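To start, the structure under review is shown below, and the notes come after it.
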Amino acid sequence: MEEIKIPALDVQSMQAVREGFAKMDKPAANLGKLEEMVAQFAGMTGGKLPEKLKSAMVLMCGDHGIAKYGVSAYPQEVTRQMINGYMRGTAGATVLARHAQADVFVCDAGTAFDLSDLPKVYQKKVAWGTNDFTQGPAMTREQAEAGLKVGIEMADLCIDQGYNLLYTGEMGIGNTTSTSAIVSAYLGVDPLLTVGRGSGINDERMKIKRQVVIDGLAKNKPVQGDAMDVLCKVGGYDHAGLAGVIIGAARRRVPVMVDGVNATAAALLAYGLYPECRDYMLCSHLSSDISHKKMLEILQLLPIVDAGMRLGEGTGASLAIVILQAALDVYNHLSR
């Protein structure tokens, strides 16, 4: 994979925002953590804060070979059904995106289905889903690099159209199982502490899910802290694509709002590959999945929303960017 240079934060712009908030009359502006979020946004973009966010949700889709073991409450066919919902605008993720005045870009990075009949889906399939990682690596290094490249291309596509904030969405039945394996492998944490209920599975499926992660780690022996090795052995194309989006956006000084446990696993991989890209991440919400807090601690990200949400798909980020826009409005109007 080509070497990517990620610029440093503009600390002068950050300080100017902090000073601007400090000069405001209190309590007219006393926004707590939101003030620092605006300062971080200024440091990321390195220039004047925008009056309005132009946001794009990049919804990366990929299927997982381990879904056949029944690790989810839903069959793999739901991946395609949900993508149909995104295209019709009837999924919860697209309803919330409309509320946030964000546009949605759906990308097939590696589903197990032919989506060529859906012309609005960006057709960038690396493979027809990952391999069953209990039997060997989920993908080859070449496939992993291709998945990352898909994400970088999608980031460039959006930024070239003038979007100044990207946020992550994902779809792929079985992806929280892969996420649990990523977290256990990258951080060296026991699967008992990373495998959650994902889509809301019962105790029986939970037992299966945990065993699948244990078996996958035992079979592949991913190297702790080696993001590329972890991605190849237990990751998904949705993870690879979103990691690429984060890396690609950071390269061009565009912030990414990371949403949910699966996208945070992708962010962890992006951080492992290019640590500097962490400076360009914002965290939308705290997932109820047990591995989420562990990843946020490593990434030093603070969630904007804590509503006990389980769903990813960019839903929390759609709420969070409304809050970010409100904080930008306060600064832009009162700092004058």
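The rows are residues; the columns are (1) under 22 Å from Gly200 (Cβ atoms); (2) over 12 Å from the mean Cα position of the chain (by Cα); (3) aliphatic (A, V, I, L, M).
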{"position": "Asp259", "(1), (2), (3)": "yes, no, no"}
{"position": "Thr264", "(1), (2), (3)": "yes, no, no"}
{"position": "Leu269", "(1), (2), (3)": "no, no, yes"}
{"position": "Tyr274", "(1), (2), (3)": "no, yes, no"}
{"position": "Cys283", "(1), (2), (3)": "no, no, no"}
{"position": "Leu286", "(1), (2), (3)": "yes, yes, yes"}
{"position": "Gln300", "(1), (2), (3)": "no, yes, no"}
{"position": "Ile304", "(1), (2), (3)": "no, yes, yes"}
{"position": "Gly314", "(1), (2), (3)": "yes, no, no"}
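Each residue in segment 17-47 was checked for being in contact (Cβ under 8 Å) with a residue 12 or more places away in the chain, more than 29 Å from Asp156 (Cβ to Cβ) and aliphatic (A, V, I, L, M), and 5 of them qualify.
Can you find a residue in segment 227-237 that is outside any loop (DSSP other than H, G, I, E, B), under 30 Å from Ser13 (Cβ atoms), in contact (Cβ under 8 Å) with a residue 40 or more places away in the chain and not hydroxyl-bearing (Ser, Thr, Tyr)?
Within segment 227-237, one or more residues are outside any loop (DSSP other than H, G, I, E, B), under 30 Å from Ser13 (Cβ atoms), in contact (Cβ under 8 Å) with a residue 40 or more places away in the chain and not hydroxyl-bearing (Ser, Thr, Tyr).
Considering only residues in segment 83-113 that are buried (at least 17 other Cβ atoms within 10 Å of the Cβ) and among the β-branched types (Val, Ile, Thr), the one that is nearest to Glu142 (Cα to Cα) turns out to be Thr111. Just one of the listed residues (Leu299, Leu242) is closer than 24 Å to Lys5 by Cβ and surrounded by fewer than 19 Cβ atoms within 10 Å (Cβ to Cβ), and it is Leu299.
Would you call Ala227 closer than 21 Å to Met295 by Cα and surrounded by fewer than 24 Cβ atoms within 10 Å (Cβ to Cβ)? So Ala227 passes the test. For segment 96-109, a residue qualifies if it is at positive phi and under 16 Å from the mean Cα position of the chain (by Cα), but none of them does.
Of the numbered criteria (1) in a loop (DSSP other than H, G, I, E, B); (2) in contact with a Cys (Cβ under 9 Å, 6 or more places away or on another chain), the one Pro7 fails is (2). You will find that of Gly151, Gly136, the residue that is assigned to a loop (DSSP other than H, G, I, E, B) and at pLDDT 95 or above is Gly136 and no other.
For Ala243, the stated conditions do not hold, so it cannot be described as under 23 Å from Leu157 (Cβ atoms), in contact with an Asp or Glu (Cβ under 9 Å, 6 or more places away or on another chain), part of a helix (DSSP H, G or I) and hydrophobic (A, V, I, L, M, F, W, C).
Cβ separations smaller than 6 Å between residues 6+ apart or across chains give the following pairs from segment 100-118 residues that are within 11 Å of Ile83 (Cβ to Cβ) to residues that are assigned to a strand (DSSP E or B) and of a type in the set (Phe, Trp, Tyr): Cys107/Tyr122.
For segment 61-84, filtering for residues that are within 21 Å of the chain's Cα centre (by Cα) and hydroxyl-bearing (Ser, Thr, Tyr) leaves 2. Looking at the structure I just gave you, is Val258 of a type in the set (Val, Ile, Thr), modelled with pLDDT of 95 or more and over 15 Å from Ser55 (Cα atoms)? No. For residues that are free of Cβ contacts under 8 Å to residues at least 24 places away in the same chain and more than 24 Å from Ile4 (Cβ to Cβ), scanning just segment 257-294, find the one that is surrounded by the most Cβ atoms within 10 Å (Cβ to Cβ). Ranking the candidates gives Leu286 first. Condition (residue is under 18 Å from Leu231 (Cβ atoms), modelled with pLDDT under 95 and not in a helix (DSSP H, G or I)) applied to segment 278-290: is it met by at least one residue? Looking for residues that are under 18 Å from Leu231 (Cβ atoms), modelled with pLDDT under 95 and not in a helix (DSSP H, G or I), one finds none in segment 278-290, hence no.
For segment 204-216, the set of residues classified as surrounded by fewer than 21 Cβ atoms within 10 Å (Cβ to Cβ) and without any contact (Cβ under 8 Å) to a residue 40 or more places away in the chain consists of Glu204, Met206, Lys207, Arg210, Gln211, Ile214, listed by residue number. Against the conditions (1) in a loop (DSSP other than H, G, I, E, B); (2) surrounded by 19 or more Cβ atoms within 10 Å (Cβ to Cβ); (3) small (Gly, Ala, Ser), Ser116 satisfies every one except (2). Is it the case that Val189 is buried (at least 18 other Cβ atoms within 10 Å of the Cβ), of a type in the set (A, V, I, L, M, F, W, C) and either modelled with pLDDT of 95 or more or at negative phi (or both)? Criteria not met by Val189. In this structure, Glu297 does not satisfy being touching a residue at least 60 places away in the same chain (Cβ under 8 Å) and part of a helix (DSSP H, G or I).
The values are calculated or read from the model by the stated rules, or taken from the named source; none is laboratory data. Just so it is clear, the structure is predicted and the values come from calculations on it, not from any experiment. Because the Cβ atoms are built from the backbone with ideal geometry, glycine has one as well, and the counts that use them run over all protein chains shown.
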